[in-house]
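Step one of this worksheet: look at the structure below.
The values are calculated or read from the model by the stated rules, or taken from the named source; none is laboratory data. Quantities reported herein were computed from a predicted structural model and do not represent experimental measurements. So basically every Cβ, Gly included, is an ideal-geometry build from the backbone, and we count neighbours across all protein chains shown. Accessible surface is based on the protein model in full, side chains and every heavy atom, while ligands, DNA and RNA are left aside. Shrake-Rupley method; radii C 1.70, N 1.55, O 1.52, S 1.80 Å.
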Amino acid sequence: MAKTPYQPPQQSKFGQFVDSLFLLVLVLAALFLPVYFGLAGGGKTTLNLPDASWADLGQNATMAQQWEKLGYTPQTAHELIATRFDYSFSLPALLITAFVVIAYFWLVFRWSAKEYKDVIAERFDR
């Protein structure tokens, strides 16, 4: 019994444009919404040092000389040197994210298994 060749669905140029625009909006939303709602990154922390000297900032003589060549003093460089990014993360949030990504790919492969099998059967089961 011969199978009819697989014919992928046809889409108009306007439909392709709308799909592309929709995907672009989804990507931008996925990138910017976590930042907008404060869910991305822990922010920055600044060390408060009572006396702002190069030694208190952890700078040796060579480093201090380079800072001074750039026009900085210990007081003006304090914020640049003492500000640190917070790289802490939440283990439950990491596990939930991993679960969502793995579940998404599992669903994609599961739902498209029939189409994959039809295309493979058409091409290789002669």
Among the listed residues VAL25, VAL18, VAL35, which satisfies the condition of being without any contact (Cβ under 8 Å) to a residue 60 or more places away in the chain, within 16 Å of the chain's Cα centre (by Cα) and open to solvent by less than 90 Å² (accessible area, probe 1.4 Å)?
-> VAL25
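Residues are listed down the side, and each one gets a yes or a no for (1) over 30 Å from GLN7 (Cβ atoms); (2) hydrophobic (A, V, I, L, M, F, W, C):
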{"site": "VAL35", "(1), (2)": "yes, yes"}
{"site": "GLY38", "(1), (2)": "yes, no"}
{"site": "GLY58", "(1), (2)": "yes, no"}
{"site": "PHE85", "(1), (2)": "yes, yes"}
{"site": "LEU91", "(1), (2)": "yes, yes"}
{"site": "LEU94", "(1), (2)": "yes, yes"}
{"site": "THR97", "(1), (2)": "yes, no"}
{"site": "TYR104", "(1), (2)": "no, no"}
{"site": "LEU107", "(1), (2)": "no, yes"}
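Quick one: is TYR104 of a type in the set (Ser, Thr, Tyr), outside the structural domain of ALA52 (by TED's automatic domain parsing) and within 27 Å of the chain's Cα centre (by Cα)?
Spelling it out, TYR104 is indeed of a type in the set (Ser, Thr, Tyr), outside the structural domain of ALA52 (by TED's automatic domain parsing) and within 27 Å of the chain's Cα centre (by Cα).
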Could you grab me the full set of residues in the range 71-126 that are assigned to a loop (DSSP other than H, G, I, E, B), at pLDDT 90 or above and surrounded by fewer than 10 Cβ atoms within 10 Å (Cβ to Cβ)?
-> GLY71
Test: GLN59 is open to solvent by 90 Å² or more (accessible area, probe 1.4 Å), over 22 Å from the mean Cα position of the chain (by Cα) and among the polar types (S, T, N, Q) | no
